[in-house]
2 protein chains.
Amino acid sequence: MRLSSFFMPTMKETPAEAQIVSHRFMLRAGMVRQSSAGIYSWLPLGFRVLKKIEQIVREEQDAAGCQELLMPTIQPAEIWRESGRYDDYGQEMLRISDRHDRDMLYGPTNEEQITQIFRDNAKSYRDLPKLLYHIQWKFRDEIRPRFGVMRGREFLMKDSYSFDLDYAAARRSYNKMFVAYLRTFSRMGLKAIPMQADTGPIGGDLSHEFIILAETGESEIACDKAFLDMDWLGEETDYESDLQPTVDSFTAKYAATDEKRDADQEKALGDRLAVARGIEVGHIFYFGTKYSKAMNAVVTGPEGEEIPLEMGSYGIGVSRLVAGIIEASHDENGIIWPESVAPFKVGLINLKSGDEACDKACDGLYGDLLKAGVEVLYDDRSGRAGVKFADMDLIGLPWQLVVGPRGLKDGIVELKNRATGERQELSPEAAMAKLTA
Amino acid sequence: MRLSSFFMPTMKETPAEAQIVSHRFMLRAGMVRQSSAGIYSWLPLGFRVLKKIEQIVREEQDAAGCQELLMPTIQPAEIWRESGRYDDYGQEMLRISDRHDRDMLYGPTNEEQITQIFRDNAKSYRDLPKLLYHIQWKFRDEIRPRFGVMRGREFLMKDSYSFDLDYAAARRSYNKMFVAYLRTFSRMGLKAIPMQADTGPIGGDLSHEFIILAETGESEIACDKAFLDMDWLGEETDYESDLQPTVDSFTAKYAATDEKRDADQEKALGDRLAVARGIEVGHIFYFGTKYSKAMNAVVTGPEGEEIPLEMGSYGIGVSRLVAGIIEASHDENGIIWPESVAPFKVGLINLKSGDEACDKACDGLYGDLLKAGVEVLYDDRSGRAGVKFADMDLIGLPWQLVVGPRGLKDGIVELKNRATGERQELSPEAAMAKLTA
């Protein structure tokens, strides 16, 4: 993409309304614009990141045997009355009347909708186990939306639902999602620590929040330092194998959100205790027959008996992750994208657009990179070098390839690594080789 | 995907509520389920088709130089008051009050939202021309939703918007979308005929509906038979070249919707007149400064003067196309998917699951097809052959690979082409070669 025609309205000033670093950089880099409180339009640069994150989430869900479908945003109130949550949900639910005065709502989550679908279309224990997910916009009418897409009203979420015949099977589904989440966040360059979360009246220990570490995170957490050095992704996962030992290797270690910290355990950890800040990006939860009993979602068992479905739900905040990754990876000049979610891999900077040698060299590199399948944003604008460097640092592409008249005379271009700041002078051919390796 | 674990609830009976063939087959094949009137959940089989159509639309928009972004579903009423459409739109607009009693709405279209974004972020004639699009769910509160996803309330639409400095440039943008639409529909195996549409108070001739031919289409159209034989896709398009001759080669030919038919022209055509039925799947429209003037969306010209933006909008009904393609391509047994949008390319039928030889041959073919990157749905269920044949015809995958005990004894499998009904007996190796060619 040529920057001269790309719709990327960057800003030099820091917008006054933006209180956290991700919100500031997303506005300044032209990634998003507010439509109304807590509701955002994703401009092309931000959209590209959103899609990459969505795709990683999708691939890891698919790998875990989860099947993708898509439920609508607008749901009928009846199914929420069946579950008993219509009145409970309070003002965060965006309630809507259609032209025939039917009670509708913009889904804040989909337990009821998926339970209805499954109830109406799966009848036998032979239809189990099943893991289903969708990636769809949700709406929660927060009283005070803030922090940009970190705490928006309209937000993109991946939510999965498991259907099983009994607790042991439900636990296997839970473990699949547990491991899939570790892999998902790891692919985005994040350390996401699973932390025991409340299960409320459901009881048991099958509820975990996944919290990524970020110096500017929203809340304080404490954990065993061992988490910081663990290999999050590891080998390819065989989801048909017993995942309990893997899950145990994580849950056995101490990790607690602020309200759950335990002085005794922390004392025992001694030097191995890390206190850090974090951001919740995922939550998995086993809730047994809560919805299936309320909504009469049963299957026929091997002996013809009716068995209520054992269920769990598993969420990832896809749009929130865009901000979360920025909180975890930035410096004072801007964003530092991990390569897996970067909107482009390379920023090609023409230091002197209009100069024949510079244009020729840049056009050639641009064409070659495209041909090699490398996503490249080519700053072909006229204008000062300082502006180009600042914009490129701000939007945080992993590599900057800088072409100027002086270097070209010696057959040299400069390759800068955004994360380390390391600069290398090398021939255009060597730079190409490095970027297409 | 193994059918034994795929969530694809087929139905043998024709659902009473489904009046048109696409709706019947989509329900019977387990592609969609109704959530409430005119609102559907897309089950995994339907979702795969929806995504393929979306991806073709996306690729052709990108190729035409259109940049993707994403606007939210919920819009503030204010921008619609600016344009004057808030009161005009009537009851089809789903109006919403949030918890602070602010007037919001579920976007039925996005002219106002994109005009606001562009107005606030593009200031100079140097920011032009620009083509922007998004693929997002829309809502129109139809008084009597029917025909399944053909006329739903919540539907997926691709809408593009062009921003130009003057009429000549706007016409170039219009032509790009005109050609992109021809290419898009052609890739889906459709003949989409552009037909002059009303421009109302805007005037001029820059408004076309794209109507695909389908025997069971919603309306009657008449056109020059030449359309039926034209090469819709042709060579790769150079969108920087002058596209007017290509556009003219289509618009010069007679084609009219029912209300626009012209007896004199039809008489002149004589034998070359075709009368057929069709379904509208796209609409492109140049509307000049209608929104930019109302919303004060201007750029600064080369002389410092303020110039209101020349705009156009360009829609494709993505979810509607799923039904449209079925209307255009089916027989009495079910859907006949064009390969480009098929949920899977191959249906592998094991005629005798549990039989050692059949299982071994099928598992081998399944693995080989997956390894070759061929999308395959493997019917590994126990059950009668008749049910398997009927289900496979119903869901309409382009190829059926049938493996039975008798054929295997002679080293033979059967390959059936769903569209032509042609069957071939051949060795498993030859079948693989054909399917991976």
Checklist outcome for this item: Partner aspartates and glutamates whose C-alpha sits under 13 Å from that of A:K267, ignoring same-chain residues fewer than 8 away, are A:D224
Item to check | Cleavage-rule hits (trypsin sites (Lys or Arg not before Pro)) in region B:234-278: DSSP loop, at most 12 neighbouring Cβ within 10 angstrom | outcome: none
Item to check | Other copies of B:A385: label-to-label distances in nm, shortest first, labels 7 Å along the beta-carbon direction | outcome: 7.6
Checklist outcome for this item: With only helices counted (DSSP H, runs n ≥ 4, each -39500 (n - 2.57)), the per-residue ellipticity at 222 nm for chain B, to the nearest 500, works out to -9500 deg cm²/dmol
Item to check | For region B:204-259, with +1 on Lys and Arg beta carbons and -1 on Asp and Glu, the positive-most of B:A222, B:L243, B:F210 along the dipole | outcome: B:A222
Item to check | Inter-copy label distances at A:E303 (7 Å, Cα→Cβ; nm, one decimal) | outcome: 9.2
Next on the checklist: Counting other beta carbons within 10 Å of each residue's own, what order do B:L348, B:L213 fall into, fewest first?
Outcome noted: B:L213, B:L348
Checklist entry - Which FRET efficiency, nearest 0.05, do A:R99 and A:A268 yield, Cβ-Cβ r, R0 51 Å? => result 0.20
Item to check | Backbone HN-Hα couplings from phi across region B:254-263 [Karplus 6.51/-1.76/1.60, Hz, Gly and Pro as x] | outcome: 6, 7, 8, 6, 3, 6, 10, 5, 10, 4
Next on the checklist: Which lysines, if any, have their Cα less than 27 Å from the Cα of A:K409, not counting same-chain residues under 8 positions apart?
Outcome noted: A:K345, A:K352, A:K360, A:K371, A:K388, A:K434
Checklist entry - With a ≥ b ≥ c the root eigenvalues of the C-alpha gyration tensor of region A:81-198, is it rounded (a/c under 1.5), prolate (a/b larger than b/c) or oblate? => result oblate
Checklist entry - For A:E422 and A:R384, what does the FRET efficiency come to when R0 = 22 Å and r is the distance between their Cβ atoms, rounded to the nearest 0.05? => result 0.35
Item to check | Cα gyration tensor shape for the protein assembly as shown, rounded if a/c is under 1.5, else prolate or oblate | outcome: rounded
Item to check | Derived scalar couplings ³J(HN,Hα) [region B:104-109; Karplus, 6.51 cos²θ - 1.76 cosθ + 1.60; whole Hz; x for Gly, Pro] | outcome: 10, 7, 8, x, x, 5
Next on the checklist: Tell me the net charge near B:G347. Cut-off is 14 Å between Cβ atoms, B:G347 excluded, with +1 for each Lys or Arg and -1 for each Asp or Glu.
Outcome noted: +1
Checklist outcome for this item: chain B, Gaussian network, Cα under 10 Å: of B:L351, B:L370, B:L94, the residue fluctuating most is B:L370
Item to check | Unit charges at the beta carbon, dipole of chain A: most positive-side option, A:H330, A:T115, A:M188 | outcome: A:H330
Checklist outcome for this item: Note, B:N333: beta-carbon cut-off 10 Å, +1 each Lys/Arg, -1 each Asp/Glu, net -2
Checklist outcome for this item: Filtering chymotrypsin sites (Phe, Trp or Tyr not before Pro) in region B:155-191 by DSSP loop and by at most 14 other Cβ atoms within 10 Å leaves none
Checklist outcome for this item: A correct fewest-to-most ranking of B:M295, B:M150 by other Cβ atoms within 10 Å would be B:M295, B:M150
Item to check | Contact order normalised by residue count of chain B, Cα under 8 Å, 6+ apart, percent | outcome: 17
Checklist entry - When we measure straight from the Cα of B:K290, which lysines land under 19 angstrom away, once same-chain ones fewer than 8 places off are left out? => result B:K123, B:K130
Checklist entry - How would you classify region B:261-367 from its alpha-carbon gyration tensor, with a ≥ b ≥ c the square roots of the eigenvalues: rounded for a/c under 1.5, else prolate if a/b is greater than b/c, otherwise oblate? => result oblate
Next on the checklist: I need the phi-derived Karplus couplings for region B:286-292: 6.51 cos²θ - 1.76 cosθ + 1.60, θ = phi - 60°, integer Hz, Gly and Pro marked x.
Outcome noted: 9, 10, x, 9, 3, 8, 5
Item to check | Dipole of region B:21-335 [Lys/Arg +1, Asp/Glu -1 at C-beta], most positive-end residue of B:I143, B:G278, B:L45 | outcome: B:L45
Checklist entry - How large is the charge dipole for the protein assembly as shown, taken about the Cα centre, if only the Cβ atoms of Lys, Arg (+1) and Asp, Glu (-1) carry charge, to the nearest 20 debye? => result 40
Checklist outcome for this item: 1/(1 + (r/R0)^6) with r = Cβ-Cβ of B:E240 and A:S4, R0 = 22 Å, i.e. FRET efficiency to nearest 0.05, evaluates to 0.95
Checklist entry - Going through region A:363-426, which trypsin sites (Lys or Arg not before Pro) have at most 11 other Cβ atoms within 10 Å and a DSSP loop state? => result A:R384
Next on the checklist: Within chain B, which is the longest segment that contains none of the GluC sites (Glu not before Pro) sitting in a DSSP loop with at most 12 other Cβ atoms within 10 Å?
Outcome noted: B:18-214
Checklist outcome for this item: The Cα extents of chain B along the principal axes, largest first and rounded to whole Å, are 82, 61, 41
Item to check | Under-5 Å amide H pairs with B:D141, H placed in peptide plane, nonlocal only | outcome: B:M93, B:L94
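Each reported figure results from applying straightforward, stated rules to the coordinates on display, with no laboratory input. In this text the structure is predicted, and so the values were computed from the model without any measurement. Because the Cβ atoms are built from the backbone with ideal geometry, glycine has one as well, and the counts that use them run over all protein chains shown.
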